[in-house]
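Structure record follows, encoded as structure tokens.
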Amino acid sequence: MKKTAFTLAEVLVTLGIIGVVSALTIPTLMQNHQRKVYVTQLHKVYTELSQAVQMYMNDNNLVSLNESQIKGNKDALNTFVKTYFKVVKDCGGKYYTGDDSTCFAEYYSSLDGTKKTHMISNECFVTVTLASGASACFDTGPYTETPTDIDVNGDGKVDENDKIQNTGTSPGMAMTVEVDVNGVQGPNIMGRDMFYIDVSPQGLVYDSQWTDTSTIDTSDAWPIGIGKIIEDGWQMTY
């Protein structure tokens with residue numbers, strides 16, 4: 001009986017084909033996996049925030065968060081965060097501090113990489129790192145700008161163009177929370193690991209700016225809302 005087997009050349013060709021296919025598919029698989037990791041971390045913060053808001057409203061017999069002490073009150077908001085979240089680092093309202101006390105990275109890029117935001121120029125009422133590793137900026141006040149003696153815009157001089165911005169809430173919202181799902185770790189890209197979440201006066205947690213006709217602005221160098229991710233069933237499809 002004649003025995004048959006693969007020749008060395010056939011084995012090498014097969015291995016070469018497998019290698020090419022792997023080289024083409026593995027990067028995509030890794031990217032999809034990383035997207036799932038970001039979404040899982042984001043969903044955890046979303047759930048924590050939803051539960052904290054409902055507990056706070058129940059504990060204080062509130063119909064609306066606009067009636068609460070945390071609305072526009074930095075000290076009361078700080079108490080809310082420390083009471084209803086497990087906080088491992090308090091960054092005193094600053095995004096980037098330039099030392100080990102920082103909650104956020106120094107720079108965040110847009111999705112398309114064309115723009116960067118230097119986070120030293122931004123503040124919130126409360127900035128903390130949570131036990132999950134996520135960093136969060138909580139704000140219940142209006143957007144404001146304050147002159148500073150720091151060259152925050154990087155033009156090499158300190159002048160009237162250098163201002164510290166308090167991020168404030170989205171229009172009509174009781175609270176807006178900006179979240180970096182993995183703290184100062186990379187990639188530090190808006191819409192990848194950096195997002196914003198709104199809380200309505202009635203305690204609804206969502207993206208108030210997202211509508212049926214909305215699209216993701218890949219050149220936006222400020223936190224992107226979670227509306228698209230929620231719309232797609234908690235998947236990052238962009």
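The values are calculated or read from the model by the stated rules, or taken from the named source; none is laboratory data. This one's a predicted model, so the numbers in the text were calculated from it and none came from an experiment. Reconstructed Cβ throughout: ideal geometry from the backbone, glycine too, with neighbour counts over all protein chains shown.
Of the residues in the range 197-227, how many are surrounded by fewer than 23 Cβ atoms within 10 Å (Cβ to Cβ) and either aromatic (Phe, Trp, Tyr) or under 20 Å from LYS89 (Cβ atoms) (or both)?
Here the count works out to 4.
Which of the residues that make up the range 46-105 are aliphatic (A, V, I, L, M), closer than 25 Å to GLY183 by Cα and not in a helix (DSSP H, G or I)?
ILE70, VAL87, VAL88, ALA105
Being aromatic (Phe, Trp, Tyr) and modelled with pLDDT of 95 or more is the filter; apply it to the range 111-169 and report the residue that is surrounded by the fewest Cβ atoms within 10 Å (Cβ to Cβ).
PHE125
Out of the residues in the range 99-123 meeting the condition of being of a type in the set (Ser, Thr, Tyr) and free of Cβ contacts under 8 Å to residues at least 60 places away in the same chain, tell me which one is farthest from VAL152 (Cα to Cα).
SER101
Just to be sure before I move on: is THR79 under 23 Å from LYS44 (Cβ atoms), without any contact (Cβ under 8 Å) to a residue 24 or more places away in the chain and not aromatic (Phe, Trp, Tyr) in the structure I sent?
Yes.
Of everything in the range 197-238, what is part of a loop (DSSP other than H, G, I, E, B), over 13 Å from LEU111 (Cβ atoms), hydrophobic (A, V, I, L, M, F, W, C) and under 14 Å from the mean Cα position of the chain (by Cα)? Give them in sequence order.
The answer is ILE226, and nothing else.
Determine whether LYS89 is of a type in the set (D, E, K, R) and either more than 20 Å from the chain's Cα centre (by Cα) or crowded, with 19+ Cβ neighbours inside 10 Å (or both).
Taking the combined requirement at face value, the residue does not satisfy it.
Going by the conditions given, is ASN73 over 30 Å from TYR238 (Cβ atoms), touching a residue at least 24 places away in the same chain (Cβ under 8 Å) and not β-branched (Val, Ile, Thr)?
Taking the combined requirement at face value, the residue satisfies it.
Given the residues VAL177, VAL184, which is the only one that is β-branched (Val, Ile, Thr), touching a helix residue (DSSP H, G or I) at 6+ places or on another chain (Cβ under 7 Å) and touching a residue at least 24 places away in the same chain (Cβ under 8 Å)?
Step by step, each of VAL177, VAL184 is checked, and only VAL177 is β-branched (Val, Ile, Thr), touching a helix residue (DSSP H, G or I) at 6+ places or on another chain (Cβ under 7 Å) and touching a residue at least 24 places away in the same chain (Cβ under 8 Å).
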